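Worksheet for the structure shown next.
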Amino acid sequence: MVDFLQMAAAAAGFGPALALLYFTLKNYTFPSVEKPYFDDRKMFAFFALGVVLGMLIFAFENWGATIAGVETLLALILGFAAMEELMKFVILNFPRFQRKIDTGFYGLSMGLGISSTFTFATVYIFLLDATNPGALEIAIVCVLGFMFVLLHGSTTALIGIGVARGDAKAYFAEAFLVHVVFSLFYESFFIVELIQPPFNLLGLGAAAAVVAYEFLKVHRFSYPALVRDAKRLAQMK
């Protein structure tokens, strides 16, 4: 049973992360374009770095959950969001990555790497604590885990795009805001002593809407705009 839970958690974490990485970036590398906008080796190196960071983030958040009450939840949400987004900001804002178009794409890769192990660990712990989880429970938990894939993928991509554009602080602020708003809605689902079922489902739906919108915005608008502006600047030189 434990082996099955591990496989289910791994599929929930790594499957969506890798699928979104391919789906989002396939139009910016060979064979879709003659000259790729990023180096595949660096792309997977950032994903691997994210895998390690995801476990560290999960360890911190899991520790915080053991001491958190409703009265300290807001402080923890703000603290963890600030810590996680600052960590991403510091790594992606190294001088060697500044004002380089490929940094925007590496941000997505690192974020999806973070989400893969964070989601794996989160889903696995949920399933392990459940009593004989059935197919419905596993499906629900996997859907919850997918929200974290969208969260870390979109927020880290935003920071990377900001660094590539030379406007890192503004994009960091947006990523931080998205993280906080998502966490507030998401955690409201679990505070059943304050928000009784089924009304707590509204918070969960709002959390899903926030990260789904943000990821779609990055995919449909932010990346095309980054490439378009980079081409225009190259033509002006």
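So here's what we get for this one:
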item	result
Residue selected from the range 1-41 under the condition more than 15 Å from the chain's Cα centre (by Cα) and among the small types (Gly, Ala, Ser), by the criterion farthest from Ala234 (Cα to Cα)	Ala8
Of all residues in the range 144-158 being farther than 13 Å from Glu84 by Cα and aliphatic (A, V, I, L, M), the one that is surrounded by the fewest Cβ atoms within 10 Å (Cβ to Cβ)	Leu144
Residue within the range 45-66 that is under 30 Å from Asp229 (Cβ atoms), polar (S, T, N, Q) and assigned to a helix (DSSP H, G or I) present	no
Test: residue in the range 161-172 that is in contact with a Leu (Cβ under 7 Å, 6 or more places away or on another chain), over 25 Å from Asn62 (Cβ atoms) and among the aromatic types (Phe, Trp, Tyr)	yes
Test set (1) touching a Phe, Trp or Tyr at 6+ places or on another chain (Cβ under 9 Å); (2) part of a helix (DSSP H, G or I) - Tyr37 fails condition number	(2)
In the range 206-233, the residues that are in contact with a helix residue (DSSP H, G or I) (Cβ under 8 Å, 6 or more places away or on another chain) and either among the aliphatic types (A, V, I, L, M) or loosely packed, with under 12 Cβ neighbours inside 10 Å (or both)	Ala206, Ala207, Ala208, Val210, Val211, Ala212, Val218, Leu226, Val227, Ala230
Per-region count, the range 182-201, residues assigned to a loop (DSSP other than H, G, I, E, B) and in contact (Cβ under 8 Å) with a residue 24 or more places away in the chain	3
Meets criteria (small (Gly, Ala, Ser) and either closer than 23 Å to Tyr22 by Cβ or over 18 Å from the mean Cα position of the chain (by Cα) (or both)) for Ala139	yes
Test: residue in the range 98-105 that is under 24 Å from Tyr223 (Cα atoms) and within 15 Å of the chain's Cα centre (by Cα)	yes
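A short reminder: the numbers here are calculations on the coordinates, not readings from a lab. Everything quoted here is computed from the prediction, not taken from an experiment. Cβ coordinates were reconstructed from backbone atoms using ideal geometry, including for glycine residues, and neighbour counts include every protein chain displayed.
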